[in-house]
1. Is it true that PHE159 is crowded, with 17+ Cβ neighbours inside 10 Å, under 32 Å from the mean Cα position of the chain (by Cα) and assigned by TED's automatic domain parsing to the domain that holds ALA304?
2. Could you tell me whether the stretch 236-250 includes any residue that is over 19 Å from ARG269 (Cβ atoms) and either assigned by TED's automatic domain parsing to the domain that holds ASP156 or surrounded by 14 or more Cβ atoms within 10 Å (Cβ to Cβ) (or both)?
3. Restricting to the stretch 206-227, what's the tally of residues that are more than 26 Å from the chain's Cα centre (by Cα), outside any loop (DSSP other than H, G, I, E, B) and surrounded by 16 or more Cβ atoms within 10 Å (Cβ to Cβ)?
4. Which residues, taken from the stretch 148-165, are β-branched (Val, Ile, Thr) and over 16 Å from ILE278 (Cα atoms)?
5. From ALA149, ALA189, ALA180, grab the single residue that is touching a Lys or Arg at 6+ places or on another chain (Cβ under 8 Å), of a type in the set (Gly, Ala, Ser) and buried (at least 17 other Cβ atoms within 10 Å of the Cβ).
6. I'm trying to understand the selection: among the residues of the stretch 69-118, which are without any contact (Cβ under 8 Å) to a residue 12 or more places away in the chain, closer than 30 Å to ASN288 by Cβ and among the charged types (D, E, K, R)?
7. Quick check on the stretch 170-192. Is at least one of its residues within 16 Å of LEU254 (Cα to Cα), at pLDDT below 95 and of a type in the set (Val, Ile, Thr)?
8. Evaluate the following for VAL227: is it at pLDDT below 95 and not assigned by TED's automatic domain parsing to the domain that holds ARG125?
Amino acid sequence: MYGRQPYLKGMDQVELRHLRYFVAVAEEGSVTVAAEKRLHTAQPSLSRQLRDLEQEVGAQLFLRGARGIELTPAGRAFLDHARLALGQAAEAVQAARRAARPAKAIFSVGFLTGQEVDWLPHVTRILRDELPSIEFKVTSLYSPDLGDALQSGEIDLGFLRIEPRPDVTYRIIAKEPLVAILSSDHRLAAQAEIDPQDLTDEIFVGFSDVPHVLRGVVDDYLERSGVHLTPSHRIDNFAMGISLVASTRGIALLPAYVEPLLPWSVVSRPLKGEPPTIDLAVGYRKDNPSPVLQTFLSSIDELAAAGPAGQRVKLA
């Protein structure tokens, strides 16, 4: 049946369906199983197709025994190339389909980690008419990284602190009060408000240079209050702060937006008197030609008036 044809003679006549049949049988180890479960064809027809394939290839690809189908050395060599050819064919089809369809415009929004809970619903509401026709991407990063992403054009819109970057414009949409974060069994947790003077003898969780805007707000507040603290730990983000508060029974000053994210073991308390606030801004580049961005900016005053979800904070 196989003669002495050189291996792969006539390969130019092998069809993709033959390769699909071959791979299915090789992976199932049974002509019957492959025919019924994967290819949904009759077993005699599949067997005939396999014989045609072996004829075209010029080599025996299968050993047929009582326990089913096994690959010959030629079959094992053929399998890798068959899978590759099928994969390339599938990629070719997808490439053609993508080329036939107009690409969707991409609009990318970045959030200071944790802020997407409050502000993403507002963004999707403002852009509800545009969303079906665009590829909408959402990411969360530290504030300085969002500033860099805006500057480079990696994102179109950012919800972040005011990070000075060339060509990036900011609009303040909220002033967030800072609150004291402490363990639920801390002695000060019984108080309705925390006097900054009470922090003097406590373990204090401060900030690294990463959240430098927040660090500046806290440092200025403590200086105005006449409180001099040396942080026992310095953190990069609120998640690290919450974890350290829980484990060290220390106290941290964090923006109020973290309150819904606190575990049962950690509570928040307002600061006595006029609390410090930190600005949350929308950042963008004025030279960004995106019409989706222009649609968003046309509603930015409405966004600021609405405030974050739950109405915890409003722009003063």
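The values are calculated or read from the model by the stated rules, or taken from the named source; none is laboratory data. Here the structure is a predicted model, which means the values were calculated and not measured. Virtual Cβ from ideal backbone geometry, glycine too; neighbours counted across all protein chains shown.
1. It is true that PHE159 is crowded, with 17+ Cβ neighbours inside 10 Å, under 32 Å from the mean Cα position of the chain (by Cα) and assigned by TED's automatic domain parsing to the domain that holds ALA304.
2. Checking the stretch 236-250: at least one residue is over 19 Å from ARG269 (Cβ atoms) and either assigned by TED's automatic domain parsing to the domain that holds ASP156 or surrounded by 14 or more Cβ atoms within 10 Å (Cβ to Cβ) (or both).
3. Residues in the stretch 206-227 being more than 26 Å from the chain's Cα centre (by Cα), outside any loop (DSSP other than H, G, I, E, B) and surrounded by 16 or more Cβ atoms within 10 Å (Cβ to Cβ): 6 in total.
4. Within the stretch 148-165, just ILE155 meets the criteria.
5. Being touching a Lys or Arg at 6+ places or on another chain (Cβ under 8 Å), of a type in the set (Gly, Ala, Ser) and buried (at least 17 other Cβ atoms within 10 Å of the Cβ) holds for just one of ALA149, ALA189, ALA180, which is ALA180.
6. ARG97, ARG98, ARG101
7. no
8. In short, yes.
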